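Here the structure comes first, spelled out in structure tokens, and everything after it is commentary.
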Amino acid sequence: MTVLAALALLVSACGGGRDDDDASDKADKGGNGGAPASGPGFDGKTIKLGVITPTSGRVAVIGEPLTNGNKAYWDYVNKELKGVGGKYKVELVIEDSAYDAPTAVQKYNQIKGDVVMFNQLLGTPIVNALLEQLTADNIVAQPASLDSFWVREQNLLPLGAPYQIQAINGIDWWVTEGGGSEQKKICTLRQDDPYGEAGQAGVDFALDKLGMTLADEATFPVGNPDFTAQITQLQGKGCELVWLTSTPTDTGSALAKAAELGFAPQWMGQSPTWIGAFVDSPLMPYLQKNFIWVSEGPEYGDTSAPGMKELLRIQDTYAPDQVPDIYYNFGYLESKAVHQVLEAAVKNGDLSREGIVEAMNSIDEIDFGDVFGTYGWGKPDDRDPPRANSIFKPNPDKPIGLELVVAEHEAPFAKDFEFSSD
Amino acid sequence: MSFVAAITGDDLWQTGFSGVAVGCKYALIALGFSIIFKATGVINFAQASLVLLGSYLTFNFAHTWELNFYLALLMAMAAGALIGVVIEALVLRHMVGEQPATVIMATIGILFVLDNLTTAVWGPDNHNLGDPWGIRTRDVFGVTVADRDLWTIAFTAAVLAGFFAFFRFSTLGLAMRAAALDPEAAMAQGIPARRVYRAAWAIAGLVAALAGATLAAGATQLSPATGSLALIAFPAIILGGLDSPLGAAIGGVIIGLVQQFTALLAPEYFDWVGESFERVSPYLVMIVILLIRPYGLFGTKEVRRA
Amino acid sequence: MSTSRTMALSYLDEVKLLRSPRRDPWRWAALVAAVVLYLWIPTYFGDPGLRIMAMCGIFAIGAIGLNLLTGYTGQISLGHAFFVGVGAYTAAYFGGERGWPLPAYLALATLIGFTVGAVIGPFALRLRGNYLVVVTLGLVFLGEHLWNNWDSVTGGGNGISLSQAPMTLGPLDFKEGIELGGEAYTFEQSFFWLTWALVAVTALLAVNLTRSRPGRAMQAIRDRDLSAEVIGVNLARYKVGAFAWSSAYAALAGSLYGLLQQYVSPGEFSLFLAINYVAMIIIGGLGTIVGSILGAVFVWGGRSVIEQNSSIGLFDRLITNGVGEPGWFTIGEANAILFGLAIVLFLLFEPRGLAALWFRVKTWFLTWPFSY
């Protein structure tokens, strides 16, 4: 009895009667070249894109600038280019995932009928959780992480050189040009989860090709309160290069402990290890001496790359309060990639689910104006991610605290790394 | 993959010290839990959010307002105490006498509110606390000791001493012990229960701010995740005995030592147990101790009458 | 609960849940209405709403289990998330990886949950109150460690997908959507029916349990276990039994959860989930089965409602989606704050939960015109 009352309450709140669309989610295919027919997320005038990102909780520090980047780019497209194809404005539907898989799945199901595709899904566990549904619903999404597993997925639109490639290029650079050699001891310090495993996979591949062996592997849980054990382990093995796969908070903890214990190898970190706040940290002197950051593209603010010039201008115009931030840049590039897919789809006159997939497969390459490497595109089996990475070192006087050392280093065996779907 | 390595005696001492240092951080958090439990019989889940708020307040006073760090710390402690009192007056006072599960739930509700208020006000970004200890270290008998850790240990000792003096020598402390033992009898003796509870929450807020500052000090950055460490305090207070502050502190140190030694030794000798076993080992140790002494090391045995 | 209409004529009479329509008209009416609602809801609501309601049902099953343990037997447990995980991974492994049929892996999950609960139960014999709470908390962490590291079975940090798990019961395929009487239904509709049917079955089981001898024993243990022992209640049997049954319920809820999400990963069975369950039974009403269901609907459904409506009207000015829009709180923060406030306010005004609230309303009507 009481349950009825409760359900009645829910009834009024859940709202939304059932449309016939729910049961059969097919949109009509538009004719080729004609105006795209309306369908989920597209009403003939506006294209809606989904964003599921943590805007609360501990990962919001990444989710917020990412989404800011997404939004700034579309503001630019809507205002200056008058929309996709010069006609269709883009609107973002943003939902908070709180970095919690069930919440993300729920939000996904809530908005999937309202969007053409997803501009951003943040979090490897969340992308993993949604992958089945994306395939079943045939919706395309942009994962905001650089895992190699995304490369061969039909329904994912990844960008950037994956973590494994970063490790490969980083290790190769150090051994050949960066002050290392094949006799030195190389170790890893990584998170104990799939992200950490991705970095490890890259290091293993590189060492194998160079004919070297790993001297030590230390793992830690996210949010590790004290790194003494890991640092003493690495120190005891006499590591000379340590490849770091972590997130900023743990980077700070680990390297602080290393500084305190007098352990000063060459540290090399993947792209998510850094954050601009390190500039003011007491750790900065140590970082300047011992840390190298691996990512892609030119130095922030280097306008010789056409894409960078555009990025800076758009940031100044549409997101003036945003401080230089690597995640903002990533979000901006995500939208740039999505834009290219949408343009192709509009040209084909088909913004339905199948139309987006077809448009995606028909593109030869996705271009980022050299801010990130050009991504060879096509059908999933033909996709070829960028194979080069840039090397940076900390410099408190530069924006985001990073200064370019070498642009676009590519290890000779980087192209040999094969991507398979998991 | 296990790598044969020499774990030197130095390593063991170093790990031991780090265990004590980490343990003192837990101890400070646990002391906050302990005082509220001792006075009111409630496990306060909101303590974690008080710790988080305390660290952000310290950051605000030290960094944004640019005051002397120690002054900022004192101010944060005072603010923490105030917030504790406010929570007690607004919510907990009305829940006296309710079932413990209900009160625990209310503190969980407060946890959600405070945590998110904190990130709403200060934003989700990482910050540097601005403490003067940085990453400076000194050498003590062959063990490298960070200034920050020394201060943490000193704070813990000071708080413990303060508690001891408070409970032994001050009237309010005596009143608190009486009220914890038997609220009705205490009230019959004229002890104002309200004042006792309020004092307990004030002290808890104060200690939480101190704990928060030590957590975020050094090169560890302040972030919304800072409060999640407070969970580890639970095995600490249970280990030590719920109603014993000394137990809470010792429990914290034990947990810290267990964690650090597990992290050092497990990958070498027990790597079949999986990665990051140090997250689980404190609980296992706690369970073992509880099997031998079900009320914790220093807890008072509950007298049960039919 | 007796009605004011009739007297119970015998013990058997008293214990019956549903007497003849003439003597219990309100209950029969409610039953009919419930069945009608059950059948009608999926035909009216959109899939996203149904998904939320199915999730409420899943939580309800778990909450009933937890209430049996905490509300009826007085053993506060923060470890429920562990048992939910046990069920979910069992279903994922045997259903998803091995392809066992639906009734088989659901039953197995429940059985394994029962067994694991029975193994953990003896701890409760030694530990009391708050000490037990924290030991059960340790279970959650132990579980997370297990899910993360037992790669061959759980897929480690990457989790397992359940997309290959068969979901057919005879001619009814719940995954593709059942087809009855010529109509094809969607996954969400079918799943709603499956879940709430199970809720009804498990609730009935639980109510019967509590109204009979074991139930009385459990409640005696909750109230004064020393006295219960003195009068001959076998503490060991009932405490361990309570753990076992509550874990069985949790495991069933976990397997359904895995089926709904089509994917399980270690991070989902966290302290947060355990806290949610405790919130549900406290807000719903400790020691009542109906309360468990109400609490589940309130906590999960309420959160969803807050999330869906927090951008309207009054809140719009306060809330920003974090991106350029003016406002103080992001949606996620606002939701969490509202949720926390809702819990606190609710407990301030009705600490005994929704069931007690309902009881008050009902009594008011029943004792009319003498209600006060």
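Each value in this text was obtained by applying a stated rule to the coordinates, not by laboratory testing. The shown structure was predicted, so the numbers you read here are calculated from the model rather than taken from an experiment. Note that each Cβ is placed from the backbone with ideal geometry, even for glycine, and that neighbours are counted across all protein chains shown.
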Query raised in the report: How about the range C:161-235: which GluC sites (Glu not before Pro) there are in a DSSP loop, with at most 10 other Cβ atoms within 10 Å of their Cβ?
Result: none
Query raised in the report: With the Cα gyration tensor of chain C giving a ≥ b ≥ c as the square roots of its eigenvalues, does the rule (a/c under 1.5 for rounded; else a/b larger than b/c for prolate; else oblate) give rounded, prolate or oblate?
Result: rounded
Query raised in the report: Given a cut-off of under 8 Å on Cα pairs at least six residues apart, what relative contact order in percent is computed for the range C:44-306?
Result: 43 percent
Report task. Apply the membrane-span-like helix rule to chain C: whole DSSP H runs, Cα extent along the own long axis of at least 30 Å, mean Kyte-Doolittle hydropathy at least -0.5. List the helices found. Result -> C:102-126, C:129-149, C:187-211, C:235-261
Query raised in the report: Looking at the square roots a ≥ b ≥ c of the eigenvalues of the Cα gyration tensor of chain A, which shape do they give, rounded for a/c under 1.5, prolate if a/b is larger than b/c, or oblate?
Result: prolate
Query raised in the report: By count of other Cβ within 10 Å, fewest leading, how are A:LYS79, A:LYS237, C:LYS239 ordered?
Result: A:LYS79, A:LYS237, C:LYS239
Query raised in the report: What is the dipole size for chain A, taken about its Cα centre, with +1 at each Lys and Arg Cβ and -1 at each Asp and Glu Cβ, in debye to the nearest 20?
Result: 520 debye
**Report entry** Inter-label distance for C:LYS362 and B:ARG194, nm, one decimal - labels placed 7 Å from Cα along Cα-to-Cβ
**Finding:** 3.8 nm
Report summary line: A chain fully extended from B:LEU71 to B:VAL273 at 0.36 nm per residue, minus the present Cα-Cα distance, gains in nm 68.1 nm
Query raised in the report: Of the listed peptides A:208-216, B:203-211, A:92-100, B:274-282, what is their order by residue-averaged count of other C-beta atoms within 10 Å, with the highest listed first?
Result: B:203-211, A:92-100, B:274-282, A:208-216
Report summary line: Ordered by number, the trypsin sites (Lys or Arg not before Pro) in the range A:260-364 that occupy a DSSP loop and have at most 13 other Cβ atoms within 10 Å are none
Query raised in the report: Along the Cα-to-Cβ line of B:GLN99, 7 Å from the Cα, sits a label point; which residues in the range C:125-139 have backbone N less than 20 Å from it?
Result: C:125, C:127-137
Requested in this report: Quote the charge dipole size of the range B:9-292 about the Cα centre in Debye, to the nearest 20; the model charges only the Cβ of Lys and Arg (+1) and of Asp and Glu (-1).
Outcome: 940 debye
Report task. Quick one: order C:LEU31, B:LEU114 by neighbouring beta-carbon count within 10 Å, fewest to most. Result -> C:LEU31, B:LEU114
Report task. Kindly express, to the nearest 10 degrees and within the range 0 to 90, the angle between helix A:2-14's C-alpha long axis and the longest C-alpha principal axis of chain A. Result -> 90 degrees
Query raised in the report: With the dipole of the range B:72-203 worked out from charges on the C-beta (+1 for Lys and Arg, -1 for Asp and Glu) around the Cα centre, which of B:ALA157, B:THR144, B:HIS127 lies farthest toward the positive end?
Result: B:ALA157
Report summary line: At R0 = 35 Å the Cβ-Cβ FRET efficiency linking C:ASN234 and C:VAL35, nearest 0.05, sits at 0.35
Query - Per-residue mean of C-beta atoms belonging to partner chains within 10 Å, peptide C:340-353 - result: 6
Query raised in the report: What does the charge dipole of the range A:55-112 about its Cα centre add up to, to the nearest 20 debye, if the Cβ of each Lys and Arg holds +1 and the Cβ of each Asp and Glu holds -1?
Result: 260 debye
Query raised in the report: Taking neighbour Cβ counts within 10 Å as the exposure measure, how do B:ARG194, A:ARG387, B:ARG168 sort from fewest upward?
Result: B:ARG168, B:ARG194, A:ARG387
Query raised in the report: In percent, how large is the relative contact order of chain B, given Cα pairs closer than 8 Å and 6 or more residues apart?
Result: 35 percent
Requested in this report: Give me a single rounded figure for A:226-239: the average over its residues of other chain Cβ atoms within 10 Å of their Cβ.
Outcome: 6
Query raised in the report: In terms of the Cα gyration tensor, with a ≥ b ≥ c the square roots of its eigenvalues, is the protein assembly as shown rounded because a/c is under 1.5, prolate because a/b exceeds b/c, or oblate?
Result: oblate
Report task. Consider a paramagnetic label point 7 Å from the Cα of A:ASP316 along Cα→Cβ; state which residues of the range A:36-75 have an amide N under 17 Å from it. Result -> A:73
Query raised in the report: Span-like helices, chain B: DSSP H, alpha-carbon axial extent 30 Å or more, mean Kyte-Doolittle 0.0 or greater, which ones?
Result: B:9-40, B:69-90, B:100-122, B:147-169, B:193-216, B:245-269
Report summary line: Helix A:228-237: inclination vs chain A longest Cα principal axis, degrees, rounded to 10, gives 50 degrees
